[in-house]
Structures are given as structure tokens and as C-alpha cells.
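Student: Can you read through this structure? Questions will come right after.
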Amino acid sequence: MIRIVIADDHTIMREGLKRILDGALDVEIVGEAINGFEVLSLVRQGGFDLLLLDLSMPGRSGVDLIRQVRAESPKLAILILTMHEEEQYAVRAIRAGAQGYLTKESAGTQLVGAIRKVASGRPYISTEVAEQLALNIMAPNEQLLHKQLSDREFEVFSLLVGGKSITEIANSLHLSVKTVSTHKTRIMQKMGMTSLAEMVQYAVAHRLLSPMKA
């Protein structure tokens, strides 16, 4: 039996995942979390084999949360389930310690198989993500501008180009407004840009804008 915890802040999504997994006799949902703090609390309690984790939740989330979970529970399998389709998000998640990456759009047909594969110790990633990981290893110096950003900077960048204000980002990531403003300044310096409009244009051109969550 594969014991899993579902971490997603949307009730409708959690209920949908339960329906998908209802027919999998070898999968048991033993817990749910709606934010990063609840995720860490459940990880510390233990008693499950796989964490099905949304990348974007209130509180600690994204790559930062993956790293924290990995540090506290090195043997716990982590499967990312997210709205982010772009390979760049997947690459950062895998490098942070996730074993699998699946988009919510594909969950209906691929979720059970992905859970079984990751729980068995094997990775579950798309061909495109595998290719991107290989390219990063083969040509680490040939980087696009956004690849120069740290994981936290990339998270702030994604929220900025997605239309979030500095205050909203600060509240979401539990950072001070000053810290987020500093991140924004560093992002613009690293990318050689002078305005948010430039950042948005870059994000559109490189397919870094993800669907907004309802």
C-alpha cells in the first residue's frame, strides 16, 4: 500500500484527486495539507510514503518547501502536481529534490501511474524536462537570463510577471515588503531590465507565464 498526503490549497482540486485515486486499490490517502506549514507538520509526524505537492500554496511553497521537506525527510518521495507546464519550473523542482513532476491537466490519465513510479524509487518526468536537465548539465554556461536567478528570485519573478503586487508577494511568501523589493531590484539587475513591462515581455516570449489559479 502506498500511503500519500495531498498538499493543495484548493478544496475542489483535493476532492478531484480523491476521485481519481478512489479506484487505485494500492493507494491510500492518509492526510491533507492546505499550506506549507501543514505540509511540514505532517512530514515531521511521518507515517506516509509519498507527498503529492502543489508548487503554489500559501506560506512556504515552491522550491523552498521542497528543499525543506527533503532536508527533514530524505527518504520521502515527492511528486509535484502543478499548473505550471513550463520545463523551467520542473527542472528547478527536480533539482531541489522532487522525484516527479506532473501537470494538473494530465492528472486524470497519468496520476496513478506517476504515484506508483515515484513511490517505487523511479523518476517521473516528461521527455522535455529530461532533455532540459541534460542540457543544463552539458552546457551550464549557455544560460538564458532567467536561469541566472536564484530559486527565490525566480519565484518572485514568476509572481511579479503573473500580476502580483509586491505586498501580495510578501504576504504569500511570508517575507517583508522590503525583502521582496530587494529581490525585485536584484532580478532586474541580473536580467538587465529597467521595468516590470520588460519582465512581462520576456516572460511571454519565453513561455514563463502560467495559468492563473481560480
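Student: Compute the label zone of His10 within the stretch 91-119: residues whose backbone N is under 15 Å from the point 7 Å along Cα-to-Cβ.
Tutor: What the label zone holds, given the 15 Å backbone N cut-off, is 102-108.
Student: Follow-up question, since we're still on this one. So for Met83, Met191, what's the accessible-area order with a 1.4 Å probe, most first?
Tutor: Numbers: Met83 65, Met191 10 Å².
Ranked list, largest accessible area first: Met83, Met191.
Student: Among Ser126, Ser195, Ser176, which one moves the most in a GNM of the chain with springs linking Cα atoms closer than 10 Å?
Tutor: Most flexible of the set in this elastic network: Ser195.
Student: Would you mind checking the tilt of helix 151-161 against the longest principal axis of the Cα atoms of the chain, expressed as 0 to 90 degrees and rounded to 10?
Tutor: Helix 151-161 and the main axis of the chain meet at about 70 degrees.
Student: Could you tell me which of rounded, prolate or oblate describes the chain, using a ≥ b ≥ c as the square roots of the eigenvalues of the alpha-carbon gyration tensor, with rounded for a/c under 1.5 and, failing that, prolate when a/b is larger than b/c and oblate otherwise? Provide the component values of the computation, followed by the final result.
Tutor: On the way: a/c = 1.90, a/b = 1.54, b/c = 1.24.
Judged from the Cα gyration tensor, the chain comes out prolate (a/c at least 1.5, a/b above b/c).
Student: Ranking request for peptides 48-57, 196-205, 32-41: highest mean number of other beta-carbon atoms within 10 Å first, then the rest in descending order.
Tutor: 48-57, 32-41, 196-205
Student: Sticking with this structure for a sec: Take the solvent-accessible surface of the protein heavy atoms, probe 1.4 Å, and return the percent of it on the stretch 2-135 that carbon and sulfur atoms account for. Display every interim value, and only then the final one.
Tutor: On the way: 3020 of 5990 Å².
Roughly 50 percent, rounded to a whole number.
Student: Say the cut-off is 29 Å between C-alpha atoms; which of Lys75/Lys178; Lys117/Lys190; Lys18/Lys117 go over it?
Tutor: From the list (Lys75/Lys178; Lys117/Lys190; Lys18/Lys117), the Cα-Cα distance tops 29 Å for Lys75/Lys178; Lys117/Lys190.
Student: Right, another one. Grab the beta carbon distance between Met1 and Ala130, set R0 = 35 Å, and tell me the FRET efficiency rounded to 0.05.
Tutor: Working from the Cβ atoms, E equals 0.75.
Student: Let me ask something else about it. Taking every DSSP beta bridge that has both residues in the stretch 15-164, what percent is antiparallel when rounded to the nearest 5?
Tutor: Roughly 0 percent of the DSSP beta bridges within the stretch 15-164 come out antiparallel.
Student: Here's something else I'd like to know. Do you know the relative contact order of the stretch 1-148, to the nearest whole percent, from alpha carbon pairs under 8 angstrom that are 6+ apart?
Tutor: Details: 222 pairs, mean separation 29.6, N = 148.
The value is 20 percent.
Student: Name the longest site-free stretch of the chain, where the excluded sites are trypsin sites (Lys or Arg not before Pro) in a DSSP loop with no more than 15 other beta-carbon atoms within 10 Å.
Tutor: The reported range is 76-206.
Student: Rounded to the nearest 20 Debye, what is the dipole magnitude of the stretch 8-103 about its Cα centre when Lys and Arg each give +1 and Asp and Glu each give -1 at the C-beta?
Tutor: 360
Student: Taking only protein heavy atoms and a 1.4 Å probe, what accessible area per residue, in Å², does the chain have with all protein chains in place? Present the calculation step by step, with values, prior to reporting the outcome.
Tutor: Numbers: 10720 Å² over 214 residues.
That works out to 50 Å² for each residue.
The values are calculated or read from the model by the stated rules, or taken from the named source; none is laboratory data. Since the structure is predicted, the reported quantities are computational estimates derived from the model, not experimental observations. Neighbour counts run over all protein chains shown; Cβ positions are idealised from the backbone, glycine included. Side chains included, ligands, DNA and RNA excluded: accessible areas come from the protein's heavy atoms. Shrake-Rupley method; radii C 1.70, N 1.55, O 1.52, S 1.80 Å.
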